Protein chains: 2
Amino acid sequence: MAKIQKVAELAGVSTATVSRALAGKASVSPATRARVEQAAKELGYVVSASASSLASGRTRNVGIVTPQLSSWFYMSVLDGAQRTLSDAGYDLTLYHLDANIGADLPADANPRRRRLFDEFLRRKRVDALIAVSLELNSAELASMHGLNKPVVGIGGPLPGVPTLSVDDKAIATLATEHLLSLGHRDIAHIAGDPDFELDFHLPATRRAGYEDALRGAGIEPEPLLVRSADFTIAGGYDATLQLLGDPRVHPTAIFAASDEMAIGAMLAARDLGRDVPGDLSIVGIDGHDLGGFFGLTTVDQFPQIQGRRAVETVLHELDGEHEEPSNEELPYELVVRKSTSKPRATSKP
Amino acid sequence: MAKIQKVAELAGVSTATVSRALAGKASVSPATRARVEQAAKELGYVVSASASSLASGRTRNVGIVTPQLSSWFYMSVLDGAQRTLSDAGYDLTLYHLDANIGADLPADANPRRRRLFDEFLRRKRVDALIAVSLELNSAELASMHGLNKPVVGIGGPLPGVPTLSVDDKAIATLATEHLLSLGHRDIAHIAGDPDFELDFHLPATRRAGYEDALRGAGIEPEPLLVRSADFTIAGGYDATLQLLGDPRVHPTAIFAASDEMAIGAMLAARDLGRDVPGDLSIVGIDGHDLGGFFGLTTVDQFPQIQGRRAVETVLHELDGEHEEPSNEELPYELVVRKSTSKPRATSKP
DNA sequence: CTGAAAGCGCTTACAG
DNA sequence: CTGAAAGCGCTTACAG
């Protein structure tokens, strides 16, 4: 592992010039730059991250904090972020908050969470931070701001931080209106269970979008048509069993707050002998990989793009452009496949 | 962000002592240590990663290289690794190789891959490396060894590197023998497609385990009973359609080389009106989250534990214990659920 | 456009 | 058990 001194000697310049040439500074003559690059290549020289960071104060490393490492959504965001960072020559260090531990608990209720804010994030290992679907308590927020680094949030509302998010309420409204426009009136909703999300407002927001759409069509929301589940296929399956078995309601369509729950709903409907979409139309939210296979109609929220945009925003800030702590709306798109259609007939008794 | 000097002043000691006390060195008196810890806490002092790394040569950071960021298996490994690292006070930086680009291609065929070895891995940002399911060409191997850092591999065979892996052949044999012991004779295999794995030997290994089991039972493997697919649900679905539609073969059971393909097989069987397990038994490999929901019999290979063990091995090496470049066998376990049973009757014509 | 030199914030022999 | 001091490998004003 050659050091900068060796490169300087081989190129016949000072280490200062090597540093400048390799950093791409404008003030190096083309001839010198070429010689330095050649020397560096010959020696297989790569700048030492820690020495460079210590001297410059920049790490070329971005941290990303996600609630989970096992769900498709977060992985897609991570994937998009990682590619974009890598193409910009940045490393990514991954932090991980266990979900199911609300930020409303006393801060020391979860030692891992506490340690993340008190220790890991304060080591100055990263230039900036991306927080995915996180809701922080005030101590955590203060701690994050105290880092004095660019932070951008995806999804969760983070006071004082620029944030990227899809308009969750609008997405839910769109999904519901798709069903309404097909002629459905008895539309059930499988809501997310707030206990299973760090961003605990999300389920309520989506439900509000659903109710708005109903009211917009002159339909009073029926609480019996709403069940909550844990965002998984199994959860969606079970919720659908309950929904379809309840003699008091007769949904002809289901809007599920995630694609996985929607897939669970499709499987449950099938097991109960209900034809999808003939007897029951189903829409989800996400743009999950499996959607195509199952023919699921959904609202795609392009999680990879969310990761990419978050990185772009953060790199932009690192280039010195100040971002207002406002919210940028991310794209989404209704993708109609085969799980939705007109209701076959009114199924009301 | 306080520096060590401040802590030293507040505690009334030298910076050397602060450094020692906070690093937990034995040679600090309990009283001094307590004062230093108190001072550090009061000031919210956390050691700067880059300064510490530069001075000590240790980064307290481990790199992990995975072929993909979107498959359940790699995410589970990553999850296990991240938790273990975090509990040990280590950070994790994530590197990512696009799959579908074989190591057998010329090294510069994939610029991202090349850059990983030539640049990212050489920045001295990590103390050690974990390579998941990677097969490297000789230049890449040399580059990795040239790092002079502990490397441990999960899965893929990495010459000269300690490796953790489940015995893939034995797993395949076990899955097949489970079917044989139930009385099946016409057992199909949905193999992985080597083009979709960085570790391109894996599909062949599993297939060999399958064939061994058959021969052990006096059955000559029938090539028409083997189809390959891309490790996804959709791939498994399609392969099953082909298998069950082929008039020349009459499988009563399918062994799929991954749980996702096995789930695809279950869905295909169902769509074709075949009862699982009555008409068709299905086994997978993995221990996928969805296995329980679908009632899938599988051989669990505990990917989270794989991640954890890899970290433990690497940390062990960082503590100075030299690991022989041998292979450690990881646990696996047959999990019987509802997708396998005796064949209903011989389905041979 | 380039170099000499200070300094980034720690750690660790060395000496006591 | 503790401190003074060198040094880790870069970057960057400053001067020319």
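A compact table of results
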| quantity | calculated |
| --- | --- |
| Residues of region A:250-281 classified as in a strand (DSSP E or B) and touching a Phe, Trp or Tyr at 6+ places or on another chain (Cβ under 8 Å), total | 1 |
| Qualifying residue in region B:307-324 (condition: open to solvent by 50 Å² or more (accessible area, probe 1.4 Å), closer than 30 Å to B:GLY245 by Cβ and not assigned by TED's automatic domain parsing to the domain that holds B:THR252) | no |
| Some residue of region B:178-188 being modelled with pLDDT of 95 or more, farther than 17 Å from B:HIS96 by Cβ, open to solvent by 10 Å² or more (accessible area, probe 1.4 Å) and within 14 Å of another protein chain (Cβ to nearest Cβ) | no |
| Flag if B:SER86 is among the hydroxyl-bearing types (Ser, Thr, Tyr), over 14 Å from the mean Cα position of the chain (by Cα), modelled with pLDDT of 85 or more and assigned to a helix (DSSP H, G or I) | yes |
| Checking B:ILE4 against (1) more than 11 Å from DNA strand C (Cβ to nearest atom); (2) more than 11 Å from chain A (Cβ to nearest Cβ), the condition it does not meet | (1) |
| Conditions (1) farther than 20 Å from B:ASP127 by Cα; (2) crowded, with 18+ Cβ neighbours inside 10 Å; (3) more than 16 Å from DNA strand C (Cβ to nearest atom); (4) polar (S, T, N, Q); number of the one not met by B:SER70 | (2) |
| Some residue of region A:206-220 being in a helix (DSSP H, G or I), free of Cβ contacts under 8 Å to residues at least 60 places away in the same chain, buried (at least 19 other Cβ atoms within 10 Å of the Cβ) and within 21 Å of the chain's Cα centre (by Cα) | yes |
| Residue tally, condition within 11 Å of another protein chain (Cβ to nearest Cβ), within 13 Å of DNA strand C (Cβ to nearest atom) and either surrounded by fewer than 21 Cβ atoms within 10 Å (Cβ to Cβ) or not in a helix (DSSP H, G or I) (or both), over region A:24-53 | 3 |
| Selected residue (criterion: farthest from the chain's Cα centre (by Cα)) from residues of region B:1-22 that are not hydroxyl-bearing (Ser, Thr, Tyr) and not in a helix (DSSP H, G or I) | B:GLY12 |
| Test: residue in region B:137-155 that is within 14 Å of another protein chain (Cβ to nearest Cβ), under 23 Å from B:PRO67 (Cβ atoms), in a loop (DSSP other than H, G, I, E, B) and of a type in the set (A, V, I, L, M, F, W, C) | yes |
| Failed condition for B:MET266, given (1) within 14 Å of chain A (Cβ to nearest Cβ); (2) at pLDDT below 95 | (2) |
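The values are calculated or read from the model by the stated rules, or taken from the named source; none is laboratory data. Keep in mind the model is a prediction, meaning the values are calculated, not measured. All Cβ positions, even for glycine, are placed from backbone atoms using ideal geometry, and neighbour counts span all protein chains on display. Ligands, DNA and RNA are excluded from the accessible area calculation, which covers all protein heavy atoms including side chains. Shrake-Rupley method; radii C 1.70, N 1.55, O 1.52, S 1.80 Å.
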